[in-house]
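The values are calculated or read from the model by the stated rules, or taken from the named source; none is laboratory data. Values in this document were obtained by computation on a predicted structure and should not be read as measured data. Quick reminder, even Gly has a Cβ in these numbers, built from the backbone with ideal geometry, and neighbours come from all protein chains shown. Surface accessibility is based on the protein's heavy atoms, side chains included, excluding ligands, DNA and RNA. Shrake-Rupley method; radii C 1.70, N 1.55, O 1.52, S 1.80 Å.
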Amino acid sequence: MFVEITAGTQPKEPALLHDLNEPLIEHAEGQLFLTETFKIILEEVLCKGTDVKEKVCEWKEPEELAVLLDLELRDTGEPQGKLLKRVKDVAKYSIKTSHPRFFNQLFAGVDYHSMAGRFLTEALNTNLYTYEIAPVFVLVEAEVLRGMHRLVGWTEGDGIFCPGGSISNMYAMNLARYQLFPEIKSRGLWGLPRLTIFTSAESHYSVKKGAALLGIGTDHVILVKVDDGGRMIPEDLEEKIKLAKSEGSVPFLVSCTSGTTVKGAFDPLDHIANLCEKYMLWMHVDAAWGGSVLFSSKHRHLMKGVDRANSVAWNPHKMLVAGLQCSALLLRDTTNLLKRCHSASATYLFQQDKFYDVNLDTGDKSVQCSRKVDCLKLWLMWKAVGSAGLEARVDKAFIHARYLVEQMKKREDNSHLILKSQIFNFFMEACGTMMVGYQPQENRVNFFRVVAFSPLISQKDMDFFLNEIERLGKNM
């Protein structure tokens with residue numbers, strides 16, 4: 001508490017509403033509430049929420065849902081019984097993303113070891129910027145990053161866990177620009193040439209968002225053509241690099257994709273690396289979705305050449321089911337580029353005369369100050385099942401995808417159903433039996449984008465998906 005002191009007067013104590021010798025929060029009551037909340041989580045989210053006999057969602061329109069939740073915040077608190085009702089309602093009306101028939105997003109399912117790690121980090125409630133307040137997690141993050149580096153094919157490097165793949169991609173763009181023009185950190189954009197970024201037409205929208213945020217401009221993100229499978233065409237990339245240079249631009253980064261958001265395409269990294277080396281461009285690989293294939297001896301060939309990249313973005317919260325959020329930026333750099341680019345050397349945090357190795361203080365590598373602990377969930381899951389278990393998880397996802405395609409080919413022509421995918425999506429959400437996303441593709445009509453990688457999925461769920469679409473189609 002700060003007390004205002006004016007010259008010639010005594011400090012005036014504020015009126016107290018509570019005995020300072022007693023805790024403001026009643027611990028016994030709070031612990032009981034937490035215990036009962038965990039029971040609700042176990043029953044409603046982790047038991048019912050993963051049971052195929054239960055719904056994926058209890059869909060409500062916004063106006064009705066607002067009334068059911070009683071969202072208004074008031075001056076006086078509510079009794080514990082009513083609060084527990086709130087907790088149960090939140091669980092009841094939320095989407096059960098761990099449900100085997102949640103096919104809607106690039107995150108799904110549940111890993112209980114990872115979840116235990118999430119509970120633990122929330123309870124410990126620390127900040128991952130210095131060794132003195134997060135000694136365990138500084139070491140855990142370093143070890144997990146080393147393990148991911150080895151999978152990429154690097155014996156050393158740098159990296160950091162970021163709040164999502166989009167931020168990882170933006171970090172890479174900022175680092176690439178800083179390496180080329182380090183003066184930008186102090187002088188800003190003044191005097192810089194017109195910079196150009198290259199990425200495929202199927203790449204994630206965060207590349208354009210990053211260009212806007214960093215002052216590069218979305219007009220200077222050049223989209224490279226893709227083949228029928230959605231993969232970047234290296235020949236078109238080289239043509240566009242030459243064109244940009246002839247027009248006075250300075251190409252500085254190529255953002256490849258390993259696992260595009262819609263088609264799941266993997267760009268030909270080796271071919272692109274040849275061009276990046278030829279024209280001295282930073283090569284970034286957005287492997288937020290597909291990076292986990294590096295665990296698989298059967299599928300890691302999809303990312304052949306990734307070891308030649310300067311940076312890789314990888315989201316284990318996707319295919320590995322590490323839980324939101326778990327996103328890493330990996331760097332081949334060993335010159336402390338990450339810290340040089342982002343450091344502000346705040347003296348109240350990063351004192352240089354500490355009693356331990358100050359290189360363990362990682363906070364100046366980040367553009368954030370406060371940074372959540374996102375490494376423990378992956379570390380605990382990796383420790384529990386090993387690299388072999390994570391490899392099996394990736395391989396199973398590919399098996400389910402192939403099975404679904406094979407079953408679709410065996411069925412009668414259902415192309416007329418695709419025309420109504422938006423209506424189907426509404427019916428499936430309203431019924432709550434499953435959830436699957438849809439979207440258009442280029443000039444084509446809407447189609448279903450089925451994401452099938454949760455370790456809880458079985459072939460029965462794949463069959464259910466197709467049967468349910470047919471059932472709803474016949475009832476329309």
Compute the distance from the alpha-carbon center of the stretch 450-476 to that of the stretch 68-94, in whole Å.
34
Compute the separation of the alpha-carbon centres of the stretch 154-169 and the stretch 271-340 and state it in Å as a whole number.
8
Evaluated at q = 0.07, 0.14 Å⁻¹: base-10 log I(q)/I(0), Debye formula over Cα of the stretch 116-377
-0.24, -0.95
Descending accessible area (1.4 Å probe), largest on the left, turns Glu22, Glu470 into Glu22, Glu470
Return the equivalent ellipsoid semi-axes of the chain as a descending list in whole Å, where each equals the square root of 5 times an eigenvalue of the C-alpha gyration tensor.
38, 36, 22
What percent do you get for the relative contact order of the chain when only Cα pairs under 8 Å and 6+ apart count?
20
Per residue solvent-accessible surface (Å²) - the stretch 116-377, probe of 1.4 Å
43
What FRET efficiency comes out for Glu406 versus Glu442 if R0 is 25 angstrom and r is the Cβ-Cβ distance? Round to the nearest 0.05.
0.50
Among the listed pairs Lys318/Lys460; Lys185/Lys318; Lys53/Lys474; Lys278/Lys377; Lys263/Lys372, give every one whose C-alpha distance is greater than 29 Å.
Lys185/Lys318; Lys278/Lys377; Lys263/Lys372
Please arrange Lys242, Lys96 by accessible surface area, largest first, computed with a 1.4 Å probe and ligands excluded.
Lys242, Lys96
Here the net charge surrounding Ile457, from other residues whose Cβ is less than 10 Å away from its Cβ (Lys, Arg +1; Asp, Glu -1), is +2
Tell me the label-point distance for the pair Tyr93, Phe355, using the 7 Å Cα-to-Cβ offset, in nm and rounded to one decimal.
5.2
At what distance in nm do the modelled label points of Asp228 and Ala116 sit from each other, each positioned 7 Å from its Cα along Cα→Cβ?
4.9
With His113 itself left out, Lys, Arg at +1 and Asp, Glu at -1 over residues whose Cβ is under 13 Å from its Cβ give +3
Roughly how many percent of the accessible protein surface of the chain is carbon and sulfur, given a 1.4 Å probe and a whole-percent answer?
56
If I take R0 = 25 Å and measure r between the Cβ atoms of Thr347 and Leu189 in this structure, what FRET efficiency does the formula 1/(1 + (r/R0)^6) give, to the nearest 0.05?
0.35
Which whole-number percent gives the relative contact order of the stretch 225-308, counting Cα pairs below 8 Å spaced six or more residues apart?
30
Grab the other residues whose beta carbon is less than 10 angstrom from that of Met283, score K and R as +1, D and E as -1, and report the net.
+1
What is the distance in Å between the Cα centres of the stretch 194-268 and the stretch 21-54?
47
